[in-house]
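Only one structure is covered here, and it is reproduced in the block below.
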Protein chains: 4
Amino acid sequence: MSSNSFGALLRVTTFGESHGPAIGAVVDGLPSGLEIDEGMIQRDLDRRRPGKSPVSSPRDEPDRARILSGVFEGRTTGAPLAILIENRDADSSAYEKIKELYRPGHADFTWDKKFGLRDWRGGGRSSGRETAARVAAGAVARRLLERAGVEVNGEVAAVAGIESDAERMEQAILDAREAGDSVGGVVEVRAAGVPAGLGEPVFDKLDARLAAALMSIGAVKGVEVGDGFALSRARGSESNDAIGEGGRFLTNRAGGVLGGISSGEEIRVRVAVKPTPSIAAEQDTVDRDGQPRKISVKGRHDPCIAPRLVPVAEAMVCLVLADAMLQHRARQF
Amino acid sequence: MSSNSFGALLRVTTFGESHGPAIGAVVDGLPSGLEIDEGMIQRDLDRRRPGKSPVSSPRDEPDRARILSGVFEGRTTGAPLAILIENRDADSSAYEKIKELYRPGHADFTWDKKFGLRDWRGGGRSSGRETAARVAAGAVARRLLERAGVEVNGEVAAVAGIESDAERMEQAILDAREAGDSVGGVVEVRAAGVPAGLGEPVFDKLDARLAAALMSIGAVKGVEVGDGFALSRARGSESNDAIGEGGRFLTNRAGGVLGGISSGEEIRVRVAVKPTPSIAAEQDTVDRDGQPRKISVKGRHDPCIAPRLVPVAEAMVCLVLADAMLQHRARQF
Amino acid sequence: MSSNSFGALLRVTTFGESHGPAIGAVVDGLPSGLEIDEGMIQRDLDRRRPGKSPVSSPRDEPDRARILSGVFEGRTTGAPLAILIENRDADSSAYEKIKELYRPGHADFTWDKKFGLRDWRGGGRSSGRETAARVAAGAVARRLLERAGVEVNGEVAAVAGIESDAERMEQAILDAREAGDSVGGVVEVRAAGVPAGLGEPVFDKLDARLAAALMSIGAVKGVEVGDGFALSRARGSESNDAIGEGGRFLTNRAGGVLGGISSGEEIRVRVAVKPTPSIAAEQDTVDRDGQPRKISVKGRHDPCIAPRLVPVAEAMVCLVLADAMLQHRARQF
Amino acid sequence: MSSNSFGALLRVTTFGESHGPAIGAVVDGLPSGLEIDEGMIQRDLDRRRPGKSPVSSPRDEPDRARILSGVFEGRTTGAPLAILIENRDADSSAYEKIKELYRPGHADFTWDKKFGLRDWRGGGRSSGRETAARVAAGAVARRLLERAGVEVNGEVAAVAGIESDAERMEQAILDAREAGDSVGGVVEVRAAGVPAGLGEPVFDKLDARLAAALMSIGAVKGVEVGDGFALSRARGSESNDAIGEGGRFLTNRAGGVLGGISSGEEIRVRVAVKPTPSIAAEQDTVDRDGQPRKISVKGRHDPCIAPRLVPVAEAMVCLVLADAMLQHRARQF
């Protein structure tokens, strides 16, 4: 019941603040004998790096994952696999100026209400940087899934309401930056090769786990499975997936989950990503004493978080699926 | 890690199949001294009953909740509170005819793949009837919340894509029934009086818990918090909630949760409810041997589940909030 | 994290007070297809019944286990298996007289300090009656173990310090009863056929789980594995179990557990059972206002609980082993 | 349900192998505002160090604890507190020679049976070194307890069956070393100032948690609370603790726990520590192919582990009590 841990049998615990010495993840419950090296973790971490396209922040953030335990001679041993990522480039001076202010759209206000104090340097534990530990842990889960023939891929499905047209999406992001503003988006993740039978009724349904996993990402405000909210506008005759000979579904509006259990069809989830809350435009806020103040959040912030969120959402889906796979295995007595 | 249990400190375990002898719930972790009687549980159960409006099924299903433990002289003792609801009116003959077939949109196929056998009578454990146990447990959580000044209310926000117009919603449901079809909808739940500070970073964010809770309801295919998916189409300057003097938010697009912690504003969540999968219209499916068959699901099914889902969604929100309240309490050292 | 639940993957939740309407257990996480009927539960429950020998209490307590869910056509379905045992013969009048007093050796005092009120009828939730639910759940776990070739048996190993001599043990109990007193004892449980490899390092070692399981039984004050406390007086050359050809241990002082993982040898645990705290002899105590009072606990109490504790200790061992077996299975990827 | 995690609300996750790059602990669930520095962790770690008395191993093992997260300006923030201890002095050559053999009394055999491979360097994850992470985490819990007025102290209560006479104990250890052998012992831990009311019925009784915590330490084979096994030889009139005016117990044979809940009296637990399994004397064993072999475990091993186990047992008691305190707090609604 640790709130910085996730999963039932494949259990990930993360730690670390944005401007502290390091962040990291401990992955417990792994089967032994799984081939793991730092390179495969690094690959996913690199995909999360900023500064790789004109629409992301120019910040240099070279995350290096180091495996501290749980792997011997290239294979998992059954012991917890700990990954450490040291923090660099942590200049907290920009935050010092606004440490008494609550940035709108951020956790500053609520964290303070809950804990009475906060590490204001770079957002502390609430920073998006925390997701690097998720990505590292997710890479390990992805390895497990690959061995079972499951492949997980994500993409930006929409930016600022624009779907499918990559050029217009990019333009919308550049326009927002120009205006000292930001935009939201939608990320979609698909998992192919998932066998039927994963997920546990009643409360640990596969889609309930996916929803928790994805909604736990800072900027996410909505999750839908398969056709999701569109189904709320449909009729049953349009929404049911008919089943064809041999037990293959003829359509997949359900997104690969029926009654909380995987159907063998492709798993498909979408998340709503809110616009980056850090914007240069002036906003109304208060200080810790409740006095009205103006704030303009300067710095190297991505005007749209959706692209960087893709590997994070993939990581969470990997963690959920790998965990469900282990849990399903335990039932096979 | 029991998949039929929900919650961290306020922990609910449910059991029971649609046509078995009884269903029930065990609520553990309650503070002592809380005034509880069967009447308050019954009131919420009655709201879930079908047969009360022209748009719901005519079935007579008089659920009677009986408290078996955990209450002494009208107050909780700190021992687990068990609630039993005996099943009546369980005629399984209609199901006998289709027990070898997989009903599209139901868990028949996936349950069979997972467990190798299933209780086909009335949907067994996957039946919507399971939610009666949730509603009973939720009534206990609601009592706890009331004592803390929190009020939880839900409503049907949309039917078949129609918002706000109750008459047109009702007509859409009646039209669907006429056509041997069904329609989906949206249910919204609001919680007023929630203090700032509930929810635990990183993975047990309040909205992550709400998402899991709501997505675990059978017919739900999407969850959004606050303005949800609409935020994916907005700019940061429109989406951030500015903060006014004394720390009151000037808007509440975030739906009362920031960084996974309650902000003190009204909590607002919406769920996408798919159309009732049981429809009279003929559908393609297969039998347990994978042979193509036609199926038409007869019986007294609600053409739209959204109205009956309102107390269920409320119950889940109550359980999440009460649990978060206890968990937050543990931090106050 | 429900304190009335036990186990990781095979998860048991119990409820009910001594003089309430019923007690029960919900067993979750079971594989499907396991043959279960009420008879096999009843057999273990009957072994726990009092009134079957001259040394136990004459009370008539005919527990009837009723399966409410999770079994269909004689086999588990994967849904939670709920067992209900209704309470009869609940005359609370004897307790009414002492409801303001704290019985020495009982949980009256501490429960009151913790919860501020208590169900004083028959000891409420702290009554030994609670263990009937454990025995019922344990019978289900025993079934699972049998299928894997594991057999669990317990016996009274000592009474009042007397070992091996059944007649002298019985005499010691009768002497104590005569004197309005009671005696303690030791119960030993052995599990044969346990495969090597069960138990999870570091904190969920098999012996750590067994210790928790057994110490959670009301009257137990000590647990030892294998030669236990005797090993604290030995030398390493006497205490290590040498290993012979093919990997069979030549001795089994370790009691079948090495480094928290089963070794393939017989599991052997012993628990110290304190004397029945309810004695006729007059004792000093206080009332709820802290005022000194005398108390003499009349009624039909077993002068030695050890014999009735045998099936309870067996049940707990069964639950731990079955759970460890499922958990081990999840690792076999 | 992570097996390398411990605790319900105060949740500790440890990782690391004896000869890997580092070991560490993540402590989650801490209240914010607690004053913590590396010095107080170091103090407990130093007490665990070997080489400080003639009866312990001469190995130089300078553990340095480094806090990586969760503390800001000297106070806990509510974020997980990660502690890293880098490994030095890790010469694995002595282990290389016996890597194909199973050392009697060690986890080599069982770990191999469970996981199919093992990190044989210095015992890998099964090494006593793992307990350094427990001691570090325990120091944080101790800090929390101190603020609540609770003090936890341990001592060696017996060596080789000798109680109370420190000189004879020391001589027994030196004699064993001389003989290329080792001896067992008993460690006792007491906690003063524990308020009445800690511990959760039924399965999370305070003594059940203590038993699990202590039995999870590698060399421990038995746990008793209060007078423990001696109570199994007593009569009820001798074993019940009478209660005096104002609710103070007149004796404390129960060891401060009644019905699984703390009574307000001193908590007293004892653990049986088996003799160090690594002995120079020749023993029978087998290699990984099951072929008979002789083994003599050379190296700098403590001939009695009991003294070094004192801070480890204290740490586990601190973790259990601090956790129970938080959990009890959650009930105070």
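A compact table of results
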| read-out | value |
| --- | --- |
| Label geometry 7 Å along the beta-carbon vector: D:Gly33 inter-copy distances in nm | 2.2, 5.3, 5.6 |
| Axis proximity, chain B to C: residue whose C-beta lies nearest, plus whole-Å distance | B:Thr13, 2 |
| Long-range amide H partners of C:Gly244 with built H, under 5 Å | C:Phe249, C:Leu250 |
| Length-normalised contact order for chain C - Cα pairs under 8 Å, 6+ apart - percent | 22 percent |
| FRET efficiency, D:Asn153 to C:Ala242 (Cβ-Cβ, R0 30 Å, nearest 0.05) | 0.20 |
| Chain C: C-alpha pair distances exceeding 24 Å, % | 58 percent |
| 29 Å Cα-Cα threshold exceeded, pairs from C:Lys294/D:Lys221; B:Lys113/B:Lys298; A:Lys274/B:Lys113 | C:Lys294/D:Lys221; A:Lys274/B:Lys113 |
| Estimated dipole of the protein assembly as shown in Debye, rounded to 20 [Cβ of Lys and Arg +1, of Asp and Glu -1, Cα centre] | 0 debye |
| Rg to Rh quotient for region D:85-125, alpha carbon positions, Kirkwood Rh | 0.99 |
| Relative compactness, region D:95-237, computed as alpha-carbon Rg over 2.2 N^0.38 Å | 1.31 |
| Whichever aspartates and glutamates have a C-alpha closer than 12 Å to that of C:Lys99, once near sequence neighbours (fewer than 8 apart) are set aside | C:Asp108, C:Asp112, C:Asp119, C:Asp287 |
| Copy-to-copy label separations for C:Glu238, where each label sits 7 Å from Cα toward Cβ, in nm and ascending | 2.5, 8.2, 8.2 |
| Peptide ranges D:144-152, D:101-109, B:268-276 listed from the most packed, as the mean C-beta count within 10 angstrom indicates | B:268-276, D:101-109, D:144-152 |
| 10 Å Cβ neighbours from other chains, averaged over peptide A:183-191 | 3 |
| Amide hydrogen neighbours beyond the local backbone of C:Ala22, cut-off 5 Å, H modeled | C:Glu17, C:Asn87 |
| Residue-averaged beta-carbon neighbours from other chains (10 angstrom radius) around A:20-33 | 6 |
| Label geometry 7 Å along the beta-carbon vector: B:Glu167 inter-copy distances in nm | 4.9, 9.6, 10.3 |
| Convex hull projection area averaged over all views, region A:177-333, Cα basis, nm² | 13.3 nm² |
| Options D:Ser93, D:Gly185, D:Leu174, ranked by Cα towards positive dipole end of chain D, top entry (Cβ charges) | D:Ser93 |
| For region D:223-238, Karplus couplings with θ = phi - 60° (6.51, -1.76, 1.60), whole Hz, Gly/Pro x | 9, 9, 10, x, 6, x, 4, 4, 5, 5, 9, 9, 9, x, 5, 8 |
| Backbone HN-Hα couplings from phi across region D:160-175 [Karplus 6.51/-1.76/1.60, Hz, Gly and Pro as x] | 6, x, 8, 10, 6, 9, 4, 5, 5, 4, 4, 5, 4, 5, 5, 4 |
| Size of charge dipole - region B:5-331 - debye, nearest 20, with Cβ of Lys, Arg +1 and Asp, Glu -1, no other charges | 560 debye |
| Built amide H within the under 5 Å cut-off of B:Leu198, gap 5+ | B:Ser262 |
| 18 Å cut-off, amide nitrogen to a point 7 angstrom out along A:Lys99 Cα→Cβ, residues in region D:66-95 | D:69-79 |
| Part-to-part distance (alpha-carbon centres) for region B:170-188 and region A:252-291, which is given in Å | 28 Å |
| Number of partner chain Cβ atoms within 10 Å, mean per residue of B:171-178 | 1 |
| Alpha carbon convex hull of the protein assembly as shown, volume per residue in cubic angstrom | 153 Å³ |
| Per-residue ³J(HN,Hα) for region B:74-89, Karplus 6.51 cos²θ - 1.76 cosθ + 1.60, θ = phi - 60°, Hz, x for Gly and Pro | x, 10, 5, 10, x, 7, x, 9, 9, 10, 10, 10, 6, 8, 10, 6 |
| Estimated 222 nm signal from helices in chain C, with DSSP H stretches of n ≥ 4 weighted -39500 (n - 2.57), rounded to 500 | -8500 deg cm²/dmol |
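None of the figures in this text is laboratory data; all of them are computed from the coordinates on show. Please read these numbers as outputs of a predicted model, since none were measured by experiment. Reconstructed Cβ throughout: ideal geometry from the backbone, glycine too, with neighbour counts over all protein chains shown.
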